[in-house]
1. Look through the range B:1-58, keep the residues that are touching a residue at least 12 places away in the same chain (Cβ under 8 Å), more than 10 Å from every other protein chain (Cβ to nearest Cβ) and not in a helix (DSSP H, G or I), and return whichever of them is least open to solvent (accessible area, probe 1.4 Å).
2. Counting only residues that are acidic (Asp, Glu) and surrounded by fewer than 20 Cβ atoms within 10 Å (Cβ to Cβ), which one in the range A:20-52 is nearest to the other protein chains (Cβ to nearest Cβ)?
3. Looking at the range B:162-195 only, could you name the residues that are open to solvent by less than 60 Å² (accessible area, probe 1.4 Å) and aliphatic (A, V, I, L, M)?
4. Test each condition in (1) open to solvent by 60 Å² or more (accessible area, probe 1.4 Å); (2) closer than 27 Å to A:Met82 by Cα for B:Glu203 and report the one that comes out false.
5. With the range B:248-326 as the region, which strands (runs of 3 or more DSSP E) entirely inside it contain at least 3 residues that are open to solvent by less than 70 Å² (accessible area, probe 1.4 Å) and free of Cβ contacts under 8 Å to residues at least 40 places away in the same chain?
6. Hey, A:Glu96 hits all of (1) open to solvent by less than 60 Å² (accessible area, probe 1.4 Å); (2) more than 10 Å from chain B (Cβ to nearest Cβ); (3) of a type in the set (D, E, K, R) but one; which does it fall short on?
7. Taking the range A:65-74 only, how many residues are within 11 Å of another protein chain (Cβ to nearest Cβ) and surrounded by fewer than 19 Cβ atoms within 10 Å (Cβ to Cβ)?
8. Out of curiosity, is A:Lys62 in the same structural domain as A:Asp84 (by TED's automatic domain parsing), open to solvent by 20 Å² or more (accessible area, probe 1.4 Å) and in contact (Cβ under 8 Å) with a residue 24 or more places away in the chain?
Amino acid sequence: METDIIKSYIKELQKGSHKAFNVIYDMYADKLYGFLLAHTKSRQMSEDIVQDTFLKLWINRKTLSIDGSLQSFLYTISKHEMIDLFRSQINKVEFELYVEYIDEKNFDDNDIEKKLFYDDFLKALKLSKKLLSEKQLEIFELSKEKGKSIEEIATQLQISEQTVKNQLTTSLKKIRTQLSNMNILFLIIFEICFITQ
Amino acid sequence: MENFITELYKKFLYSNISHDEFREMQHAINNSKDTELSDLLEEEWTESIFPGELGKKSKENIRAKLDFYIENDKKWIDKKRILQIAVVVIPLFIISTLFISKQYSIEEPNNFVVSVERGNKALVTLPDQSKVWMNSSSILEYKRGEKNTREVKLSGEAFFKVYKDKNHPFIVSMNNLQIEVLGTSFNAKARIGSDIIETSLVEGSIRLRSPDLSQDYYLKPNEKAIYSQSSKRVQIMHTDNELETAWKDNKLKFSSERFIDVMHMIEDWYGVKIICKCPEIENDLISGAFKDENLESTLEAIKIQYNIHYKRNRDTITIESNKYEN
C-alpha cells in the first residue's frame, strides 16, 4: 500500500535525512500512539514507547528495506517492547483495579469517564490509599508496587504470611469501596488533567 | 490464537471488557507465547486504527527529544571517525590512563569509542570519573544519555569501577543484556562469537536485565552470572574474584580451564596465533598463574607441565602434544 512517495522518504531516511524522518514521524506517530493507548490505557507509557520506537527507527534506518512496508518495520522494531509492556500492564494489580472500576461504573459509550485513563486512575488510587493504616500501606506498596511475594514481605517485616494476606485483603476492600465512591472526584481530576493539557 | 481470546482482546482494546472477561483474557495471554501474542498484535496494528491522538504539545515534545538525539548522533558520526583513528595503540603490558576529554580537546564528549587491539590493554577514565580497565580485543562505546544516564556498550572484556552517582544509573549493554548499576565494581565479558555473556561482582550490587528474560536478576558480591544468549537463561554461581579480575593486574590466571580455552586466553593476551595440533589434550583441565611473564616463559612453563612442544614462527605458534610419543 505504500506509494512511491513513501519509498522516496525511506530512501532519504536511509541516507540520514532528518527531514524525511520528520515526515515519517508525522505520518505514523498518532497511529502508533492510538494503538499503544488501546493496549496500555496510559498516556505516559504510550508516549514513552512512541519516542522509543522512532528513536529505534532512526538508529536502525540502514536496515530498513525500500521494498518493505514502513508500517510493519515500525511494528517489528518495537514489538518486543510492546508485548512486554502489554503483559506486565495487564498483570498489575492496580491495572486490574482500574478495569474493575471502569466495569463497575458501567459507563455508556458517550460518557466522558469512559475515557478515564490509567494515569488518572493511579492519581485517584493514590488518594484512596490515604485511608490505609501505615502498616497496611507499607504491605500494599511492597506487594503491588515493588512486586514482592507474600513470603518475602513476611520475612522482611517479620510477621506471619497469614497476617500479610489478611492485611492485603483488608486494604483492597478499603480501596475498592473508596474508589467506587469517588466518582465525582474522578471527574474533577479528569477535568484538571484535560484542561491543563 | 483461539477465537474467543481474540474477541476478548478486541473488547479490551475498545475498553468494553467486563472484569470477569478481563481476568479470562489475562489468563489466556499469560499462557500464550510471545510469537502468538505478536501475531495477535500485528493483525490489529495492520487492520485497525484506534482513537487517540498524541496532542500537539506531546507530539512536539517527543519530536524535540528525537531532534536532539538525531542532531547529536549526526555530529557524532563525524567525530567518531577521528577518534577511532586517534585512539589507542598501547604498548603491551603498559596500562595508561586516557583522559579523553583533555587529550582530544573535544569538549565534554557525549559519545566516544575506545577500541583495544589484541595483545593490548587500556585503562580509560570516563567523563563521569568511572574507571574502566579494558582487556585485549575489546571495544567500549560510551554515550551520555538524555537524562544524563551513563550508557556504555561493551564487546570483549572489561572491569568497571563505577563512580557513585545514585541519580544517574550506569548501564552496560552487551548485545541484548543490560547491567544496571549505581556505584560498584564488577567484571563483564562478552567475547565476539561467544554465546556466553558473563559478569562477576566485586562490590556493591548490580541488576541484569534483557528483553529476552522474564525477570531481572540481582547479583551479590562474589557472585557471577552466566547468560546464554541462545537458551536465554541466566545461571548465578559463587565465584573467586581474584581469579576473575586477575587480568587487570597483569596476571594471567586460570583454574581448571580446558587446555584449548587457555590457549585462546594466551592468544588474546600476547596477541599471537596458536595452532593446536593436539586434539587429545584439548579438553584437559589445566591451572596456572603468570605475572608479567613474556610469551616464551609462559609457553616454557606450560611445556614442562603438560608435556607439549611448540614451534614459534613470528606470531604463530604451533603446539603439539608429546602424549603418545615414545
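The values are calculated or read from the model by the stated rules, or taken from the named source; none is laboratory data. Because the structure is predicted, anything quoted here is derived from the model rather than measured. Reconstructed Cβ throughout: ideal geometry from the backbone, glycine too, with neighbour counts over all protein chains shown. Just so you know, the surface numbers come from the protein's heavy atoms only, side chains and all, with ligands and any DNA or RNA stripped out. Shrake-Rupley method; radii C 1.70, N 1.55, O 1.52, S 1.80 Å.
1. Checked the range B:1-58; the qualifying residue least open to solvent (accessible area, probe 1.4 Å) is B:Met1.
2. A:Asp30
3. B:Val162, B:Ile171, B:Val172, B:Met174, B:Leu177, B:Ile179, B:Val181, B:Ala188, B:Ala190, listed by residue number.
4. (2)
5. In the range B:248-326, B:251-258, B:285-291, B:308-313 are the strands (runs of 3 or more DSSP E) which contain 3 or more residues that are open to solvent by less than 70 Å² (accessible area, probe 1.4 Å) and free of Cβ contacts under 8 Å to residues at least 40 places away in the same chain.
6. Of the numbered conditions (1) open to solvent by less than 60 Å² (accessible area, probe 1.4 Å); (2) more than 10 Å from chain B (Cβ to nearest Cβ); (3) of a type in the set (D, E, K, R), the odd one out for A:Glu96 is (2).
7. 3
8. yes
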